[in-house]
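Engineer: Below is a structure I'd like to ask you about.
The values are calculated or read from the model by the stated rules, or taken from the named source; none is laboratory data. Predicted model only: the values in this text are computed from it and were never measured. Every residue, glycine as well, gets a Cβ built from its backbone with ideal geometry; the counts of neighbours run over all protein chains shown. Remember, those area values only see protein heavy atoms, side chains included, never the ligands or the DNA or RNA. Shrake-Rupley method; radii C 1.70, N 1.55, O 1.52, S 1.80 Å.
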Amino acid sequence: MNELRDFFQHQFGAAPTHFVQAPGRVELLGNHTDYNQGLVMALAVDKHITLAVAPRNDGVVEIRDMAFPEVARFRVDQIEKDPAIPWANYPKGLLLQLQQRGVKFGGFNAAIRSTIPLGAGLSSSAAFLVSTALAVRKLYPYSLTDAGAGAPPPPEANSALPPLDYMQKMLLAKACQAAENQFVGVNCGLLDHISSLFGQAWQVILIDCLHLTVNWSPLHGDIAVVVCHSGVKHALVGGEYNDRRAHCESAAKTLGVPSLRFATPEMLEANQAKLAPRDLGCARHIVGENQRVTEGSQLLAADKLVEFGRLLLVSHESSRHNFLNSCPELDLLVELAKTHAGCLGARLTGGGFGGATLNLVRRDQAEDFRAKMAAGYEQKTGRKLQSWICQVVNGAA
Ligand code: ADP
Ligand code: MG
């Protein structure tokens, strides 16, 4: 926080008035299910984007990022893409979404610091959007309704804003998703934004993307959540991600269901001949993932972590074989993880095509696991492995 405060002071010549923070997330189980109205389990983790902000009275937004040299500067009444600063599309897209809902706000200065690796599958993009939404709320208080902007929230006794309730979080998540879909150009679902907003310490977030409900289930046991970053950057914007989504939608259409949430394994087998091969592969993955999340939530509730871990391995195999969103580096990481006695399960997490794996490891063996993974990965690929033992944390505030 101090480092960011100093950076803000140095860049803007005055102190910030507010700080907001949004966590990244790890997708525990339920891969690419969110935009198929499916089921997914996630964890908010202790990697954050922090924004320091202060209002301006000239209608200008100026954003400086500790990780990027460019300065994004634009008027709130003239928000357009600038190809020279692609990362600014995230806050710009979100501000446009707020405006479309009738939220009124003026200019501000913002400085950004992040500990979420970009493009690793931990959803830095959602944390960036969510933190922007919360920063604007602090500076220019607003609330959302289904129909657009509502009355600003009444400040509490100490002039602080009331915490976001369930409804506000859900509406903000939708605004963030719309920004990513419409302005950035990634047809992502709601998983990332919901996770960053709804996280709770040492709880698994269970999201039903058909009914748009969120529940929590404690993550018991002496378990460490270890994330291993392959160092291979995925490129989600406009690419493979949207391709997989198109196959899922095409499969649902052929099956005559509103989304793959309504498809069953029997339906897939009966319609094998009708489905285009890639549509079939993608549908098998999604239908299987929904089943695994259902089974997995029962196992978690019964503290059957060994059995739960096995589902992670099946999920990865389905990514590799059916959905084709793995890559040799991720496969290697999962193979290495399997050989460690302390590892209960491992799979790619997030979009895939690079990025990171999630590993559930017995806590007392987590450091040994990291060391062995790093040695094995470097020996096979010549690449250094970055890994983290993640704490499961509360959502954005
Ligand atoms: P992921 O969300 O898995 O990290 P994405 O490709 O969806 O991967 O999002 C990464 C993009 O989000 C970056 O390329 C950058 O444009 C933007 N972004 C994320 N964090 C920051 C940050 N701290 N500062 C500026 N841009 C960021
Ligand atoms: Mg993202």
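Engineer: 7 Å from Cα along Cα→Cβ at both Ala54 and Arg310: what's the point-to-point distance in nm?
Structural biologist: Here the answer is 5.9 nm between the modelled labels.
Engineer: Okay, moving on. How do Val61, Val257 stack up against each other in accessible area, from largest to smallest, with a 1.4 angstrom probe?
Structural biologist: Val257, Val61
Engineer: Moving on. Please give the FRET efficiency for Asn158 paired with Asn181, using the beta carbon to beta carbon distance and R0 = 45 Å, rounded to the nearest 0.05.
Structural biologist: 0.75
Engineer: OK, next. Give me the log10 of I(q) over I(0) for the chain at q = 0.09, 0.12 Å⁻¹, as the Debye formula computes it from C-alpha points; what are the numbers?
Structural biologist: For the chain at q = 0.09, 0.12 Å⁻¹, log10 I(q)/I(0) is -0.53, -0.94.
Engineer: Which value at 222 nm does the chain reach when only helices count, each DSSP H run of 4 or more adding -39,500 (n - 2.57), with the total divided by all residues and rounded to the nearest 500 deg cm²/dmol?
Structural biologist: Taken over the chain, the calculation gives -12000 deg cm²/dmol.
Engineer: Right, here's the next one. Could you state how much accessible area Cys390 has, in square angstrom rounded to the nearest 10, with a 1.4 Å probe and all protein chains kept in place?
Structural biologist: Answer for Cys390: close to 0 Å² accessible.
Engineer: Taking the chain as a Gaussian network, where each spring joins two C-alpha atoms under 10 Å apart, which residue of Ile205, Ile116, Ile79 fluctuates the most?
Structural biologist: Ile79
Engineer: I would also like to ask the following. Roll a 1.4 Å probe over the protein chains and send me the accessible area per residue for region 111-155 in Å².
Structural biologist: Accessible surface, normalised per residue, equals 32 Å².
Engineer: If every alpha-carbon in region 219-390 counts as one equal scatterer, what log10 I(q)/I(0) does Debye give at q = 0.11, 0.15, 0.19 1/Å?
Structural biologist: Reported log10 I(q)/I(0), two decimals: -0.50, -0.87, -1.17.
Engineer: Go ahead and run the numbers for FRET between Gln298 and Lys253, Cβ-Cβ distance against an R0 of 25 Å, rounding to 0.05. Intermediate values should be presented prior to the final figure.
Structural biologist: Working: r = 31 Å, r/R0 = 1.26.
My answer for the efficiency is 0.20.
Engineer: Provide the descending list of Cα extents for region 74-145 along its principal axes, expressed in whole angstroms.
Structural biologist: The Cα atoms of region 74-145 stretch 34, 26, 22 Å along their principal axes.
Engineer: Within the chain, which is the longest segment that contains none of the trypsin sites (Lys or Arg not before Pro) sitting in a DSSP loop with at most 16 other Cβ atoms within 10 Å?
Structural biologist: 105-232
Engineer: In a GNM of the chain with a 10 Å cut-off on Cα contacts, which of Leu161, Leu219, Leu206 has the highest mean-square fluctuation?
Structural biologist: Greatest mean-square fluctuation among the candidates belongs to Leu161.
Engineer: Given a 1.4 Å probe and every protein chain left where it sits, what share in percent of the accessible area of the chain is carbon and sulfur?
Structural biologist: 52
Engineer: Can I ask one more? If I take the Cα coordinates of region 2-215 and project them onto the principal axes, what are the three extents in Å, biggest first?
Structural biologist: Principal-axis extents of the Cα atoms in region 2-215, largest first: 46, 37, 32 Å.
Engineer: What pairs from Lys81/Lys384; Lys174/Lys338; Lys338/Lys384; Lys253/Lys304; Lys304/Lys380 go past 28 Å between their alpha carbons? Provide the component values of the computation, followed by the final result.
Structural biologist: On the way: Lys81/Lys384 35 Å; Lys174/Lys338 37 Å; Lys338/Lys384 19 Å; Lys253/Lys304 37 Å; Lys304/Lys380 33 Å.
In this structure, Lys81/Lys384; Lys174/Lys338; Lys253/Lys304; Lys304/Lys380 exceed 28 Å between Cα atoms.
Engineer: I want to make sure I understand the PRE zone here: with the label point 7 angstrom from the Cα of Ala397 toward its beta carbon, which residues in region 27-46 have backbone N atoms less than 18 Å away?
Structural biologist: Inside the label zone: 44-46.
Engineer: Rounded if a/c is under 1.5, else prolate if a/b beats b/c, else oblate: with a ≥ b ≥ c from the C-alpha gyration tensor eigenvalues square-rooted, which is region 255-336?
Structural biologist: Here region 255-336 falls in the oblate category.
Engineer: Suppose the chain between Lys338 and Trp202 were pulled fully straight at 0.36 nm per residue; how much longer would it get relative to their current alpha carbon spacing?
Structural biologist: My answer for the length gained is 46.5 nm.
Engineer: How much accessible area per residue does region 236-307 have, in Å², with a 1.4 Å probe?
Structural biologist: Values: 3480 Å² over 72 residues.
Solvent-accessible surface per residue comes out at 48 Å².
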